[in-house]
Amino acid sequence: MSENESGTTRTKWSRSQRFRLTPAGRDAGQSYRQDIVASRVEAGRKSFDDARAEWAARLALEPTDGLYLGELLEAPRTIPEIAASLDGCGPQRSDVRAAIERLVHVRMMELVAPPPPPPAPPRRW
């Protein structure tokens, strides 16, 4: 762990660290999608914002957390992959790491264990 400029500790992960949804995260991500689709019945941005706020309040999450959960519904991904996918959707690249840390802390996401290294080749003398 390291400290960032605000003095809080920050988890260090490698760039290749992958994250996946926990069962609770998968349920939350699917309910986010359902709530957003249901909000399309009414026209306008207000219905979308209201649906996100209600979803977040129900699960004690941030309204933007649904974006991050939605990115992992299909497969595990790295922080740079998530940031690239969400480029232009609202969150800044710097917000992605903080959101991932928060979602790992509340057990909506978990780290994917890397595969074991390949065995060493046999030595020939």
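Scanning region 18-28 for residues that are in contact with a strand residue (DSSP E or B) (Cβ under 8 Å, 6 or more places away or on another chain) and either of a type in the set (D, E) or open to solvent by 30 Å² or more (accessible area, probe 1.4 Å) (or both) yields a count of 2. Among the residues of region 78-99, those identified as under 11 Å from the mean Cα position of the chain (by Cα) and closer than 24 Å to V37 by Cα are I82, A83, L86, V96, A99. Might you check whether a residue that is in a helix (DSSP H, G or I), among the hydrophobic types (A, V, I, L, M, F, W, C), free of Cβ contacts under 8 Å to residues at least 40 places away in the same chain and buried (at least 17 other Cβ atoms within 10 Å of the Cβ) occurs anywhere in region 100-111? No: zero hits.
For region 34-87, a residue qualifies if it is part of a loop (DSSP other than H, G, I, E, B), crowded, with 19+ Cβ neighbours inside 10 Å and without any contact (Cβ under 8 Å) to a residue 40 or more places away in the chain, and exactly one does: L86.
Taking the conditions (1) basic (K, R); (2) in contact (Cβ under 8 Å) with a residue 24 or more places away in the chain; (3) over 19 Å from A28 (Cα atoms) in turn, R124 satisfies each one other than (2). Checked against the criterion of being of a type in the set (G, A, S) and at pLDDT 90 or above, the candidates A38, A43, A24 yield just one match: A24.
The values are calculated or read from the model by the stated rules, or taken from the named source; none is laboratory data. All values derive from a computational prediction rather than experimental measurement. Don't worry about glycine lacking a Cβ; one is built from the backbone with ideal geometry, like all the others, and counts go over all protein chains shown. Note: areas computed on protein heavy atoms with side chains; ligands, DNA, RNA excluded. Shrake-Rupley method; radii C 1.70, N 1.55, O 1.52, S 1.80 Å.
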